[in-house]
Every structure is written in C-alpha cells, then in structure tokens.
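Take a look at the structure below.
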Amino acid sequence: GYYPPTIAGTKDNNCSNKSYNNNCNKPHHHAAASSPSSCSSSSRYSTRRLSSKAELKETYDHILVETRFPEDNSVVGGGVGVISLHRPKALNALCDALFDDLIHAVRAFDGDDDIGCIVITGSGKAFAAGADISEMSKREFADAYKKNMFSQWADITKVSKPIIAAINGFALGGGCELAMMCDILLAGSKAQFGQPEINLGVIPGAGGTQRLIRAVGKSKAMEMCLTGNRISAQEALDIGLVSKVIETEFLLEEAVKMGFSIADKGSVSVRMCKEAVNAAEEMTLAEGLRFERRMFHALFATKDQKEGMAAFLEKRKANFTNE
C-alpha cells in the first residue's frame, strides 16, 4: 500500500499558465502542469527544495509530477516519482518544451534521496504519439544539424535510478523511442507501438533503428521501421519489447507498486545493477563479465552488503541505508 498521492492538473484545456491543485492539503504533491495544448515554454516558475540539493519546479507546462510513498515510511529512499506527459489534445506529442520539462523533472528525482525509482506515463489515451510534427515540419537540414536535434533526449538514459515506462496508450515514433530509453516497459492492454516515421519521408531519429533492433531483433525491427505498421501490447510482449501487459485501469498502480519494490532495495546496488545491465549493450561478453565482477566486488565496500547478508542469515528483513 501507499499514501494517496496528490493529483494535480490544469483547470481546463483552455487555461494559460495557470495551474491548480484539487487536493492542496494532501501530502506528496510537487508539481502541476499548465498550458497542455500549446507547446511554448513559460519562464515563470517557482521551485521547491528537495534533498541532495535537487530542485523540482512547482509548475511545469507540459507534464504532471507527483511523489508516492509506501505505507512503511521507515524505508530510506522508498518513494516513487511519477511523471505524466500532459498534452492531451496533442496526444502528448513530444515537443522540445515538453522534453525540457521531462528532463528537468527526471534529473530532480534522480537527485532526491527520498526517491528510489521513477515512473513515466502519459495522460489520456496516449503515452506519446510521437514527436511534434508541426514543430519539425519546416526545419531545414542546417538547423537540425547545428542544433543536433533530438540529442538532448538521450539525457533520459543518463539517469542513475531505474525508470519504469507505464505505456498507457499510443507509443508511436518518438513515443516508442522514449519508452525504449526507460529500463522496464509495462504496457497497458490497449497500448500500441510503432515507428511510423517512414510515412513522413524520414526515419526514426531518437533511437528507433538502434534500440529497437537490440530489443526485438533485426527482422522485426526492419519490418516496423520500413512499413510503419503498429503492433499491439500483446505482440510487444511476445517479441520482448515489454515485460508485462496489464489492464489499462491498473497500469499506473502496478507500475508504482513495482517502483516501491525496487526502491525498497539498497540504492547503491540498484544503480550498479542498472549500470551493469546497460553496459552489456556496449561491451563484448568478456568485457561485460569483467565489468560485472568489478561492480560485484565493489559492493562489498558498502554497508548495505553487510546488512543484506546479515539479514538473510538472521532470517529478517534487511534495513538498507543506501550506504
């Protein structure tokens, strides 16, 4: 179980730079989104000081942010940060301003000692239906090249804490690429996945041709990228793109529950485990095994290793301090 989160949002789809909180007296609310329909950045915001000197804005333009904590508040760093992409009229299309909000919030949660895991999901019937075509359509090569378009998206993969993607609906183009940047992919039963960029006269530009082949193999990756066809949540599970399919109405609850389970572990070993698994995609088997052993050896310098093994031998629950 967990303490009920504060649900925050925009008052209506026509509001501009005005946010409100329906549950202002409840704990754990950090931020609300405003102006979800347009994709312009607001320069007006306040910040809330978090532990480890991280700052989370009180308001964001294109995402909703909340924190959830388990009923057992003795767990050090046991909270889960939940980020909802929130441009419902645009099916959460990934414009630059939305991604700026997302990266800022993810970094803030990564630096917050009270948070052990992060969940990214979408508002409405989409996770994210792709990059914002209206924003991209008139760009020229020189502009795209000089700005190294989409390179900043990779900042999501630099976060040290695990990120769970709770894919509630359409995950197309950039939305599918964003999901693949996360560490664990959970699909709602109505989710759809695809790389339809070929239908626009371009190719995936944020990892679709690279991460997809590592997840599902060459033939299926080629089929999805060359035809632009979508696949269902069940097919995504069958080919190994996602780890579970969950009824949509229970998806976020199950993602947060998994986040609590991860956050309950020692933070140092969790981060090292994520680093080791991700390194496997970049290393030979021999290099990867050597890297894994060194990380394993290093954990014997932590208090959590002593506590974890002592708790096992004493047949009790470990009390990790993330040290």
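Out of 206, 233, 215, which single residue is among the small types (Gly, Ala, Ser) and touching a strand residue (DSSP E or B) at 6+ places or on another chain (Cβ under 7 Å)? Please lay out each step first, then the result.
On the way: 206 fails: touching a strand residue (DSSP E or B) at 6+ places or on another chain (Cβ under 7 Å); 215 fails: touching a strand residue (DSSP E or B) at 6+ places or on another chain (Cβ under 7 Å).
Step by step, each of 206, 233, 215 is checked, and only 233 is among the small types (Gly, Ala, Ser) and touching a strand residue (DSSP E or B) at 6+ places or on another chain (Cβ under 7 Å).
Reported count of residues in region 129-145, each being over 11 Å from residue 202 (Cβ atoms), within 28 Å of the chain's Cα centre (by Cα) and of a type in the set (A, V, I, L, M), is 1. When the residues of region 197-214 are filtered to those that are within 24 Å of the chain's Cα centre (by Cα) and open to solvent by 40 Å² or more (accessible area, probe 1.4 Å), which remaining residue is nearest to residue 95 (Cα to Cα)? Looking at residues that are within 24 Å of the chain's Cα centre (by Cα) and open to solvent by 40 Å² or more (accessible area, probe 1.4 Å), I get 205.
Is there any pair with a first residue in region 292-319 that is within 18 Å of residue 262 (Cα to Cα) and a second that is open to solvent by 90 Å² or more (accessible area, probe 1.4 Å) and part of a helix (DSSP H, G or I) whose Cβ atoms are under 8 Å apart and which are 6 or more apart or on different chains, and what are they? So the pair list comes out as 318/312.
Any residue that is open to solvent by less than 20 Å² (accessible area, probe 1.4 Å), of a type in the set (Gly, Ala, Ser) and closer than 24 Å to residue 267 by Cα - is there at least one of those in region 93-107? Checked region 93-107: at least one residue is open to solvent by less than 20 Å² (accessible area, probe 1.4 Å), of a type in the set (Gly, Ala, Ser) and closer than 24 Å to residue 267 by Cα.
Scanning region 294-323 for residues that are open to solvent by 100 Å² or more (accessible area, probe 1.4 Å) and aromatic (Phe, Trp, Tyr) yields a total of 2.
Looking across region 253-279, just one residue is assigned to a loop (DSSP other than H, G, I, E, B) and among the acidic types (Asp, Glu), and that is 264. Residue 242 passes every criterion in (1) under 17 Å from the mean Cα position of the chain (by Cα); (2) part of a helix (DSSP H, G or I) apart from (2).
Return yes or no: is residue 186 open to solvent by less than 40 Å² (accessible area, probe 1.4 Å), in contact with a helix residue (DSSP H, G or I) (Cβ under 9 Å, 6 or more places away or on another chain) and modelled with pLDDT of 95 or more? Before the answer, list the steps.
Details: open to solvent by less than 40 Å² (accessible area, probe 1.4 Å): yes; in contact with a helix residue (DSSP H, G or I) (Cβ under 9 Å, 6 or more places away or on another chain): yes; modelled with pLDDT of 95 or more: yes.
Spelling it out, residue 186 is indeed open to solvent by less than 40 Å² (accessible area, probe 1.4 Å), in contact with a helix residue (DSSP H, G or I) (Cβ under 9 Å, 6 or more places away or on another chain) and modelled with pLDDT of 95 or more.
Is it true that residue 250 is buried (at least 19 other Cβ atoms within 10 Å of the Cβ) and either without any contact (Cβ under 8 Å) to a residue 12 or more places away in the chain or assigned to a helix (DSSP H, G or I) (or both)? No, not satisfied.
Inside region 217-235, can you point out the residues that are on the phi > 0 side of the Ramachandran plot and exposed (fewer than 14 other Cβ atoms within 10 Å of the Cβ)? Listed by number, the list holds a single entry, 217. Kindly establish whether residue 151 is modelled with pLDDT under 90 and at negative phi. It is true that residue 151 is modelled with pLDDT under 90 and at negative phi. Hey, any hits in region 132-149 for a residue that's more than 27 Å from residue 68 (Cα to Cα), touching a strand residue (DSSP E or B) at 6+ places or on another chain (Cβ under 8 Å) and among the charged types (D, E, K, R)? There is at least one residue in region 132-149 that is more than 27 Å from residue 68 (Cα to Cα), touching a strand residue (DSSP E or B) at 6+ places or on another chain (Cβ under 8 Å) and among the charged types (D, E, K, R). Filtering region 176-203 to residues that are in a strand (DSSP E or B) and under 16 Å from residue 222 (Cβ atoms) leaves 193, 194. For region 271-293, the candidate set comprises residues that are within 16 Å of residue 116 (Cβ to Cβ) and either small (Gly, Ala, Ser) or touching a Ser or Thr at 6+ places or on another chain (Cβ under 9 Å) (or both); within that set, the residue that is most open to solvent (accessible area, probe 1.4 Å) is 275.
The values are calculated or read from the model by the stated rules, or taken from the named source; none is laboratory data. None of these values were measured; they are calculated from a predicted model. Using ideal geometry, Cβ is built from the backbone for each residue, glycine included, and neighbour counts are taken over all protein chains shown. When the accessible area is computed, the model is the full protein with side chains, heavy atoms only, and any ligands, DNA or RNA have been set aside. Shrake-Rupley method; radii C 1.70, N 1.55, O 1.52, S 1.80 Å.
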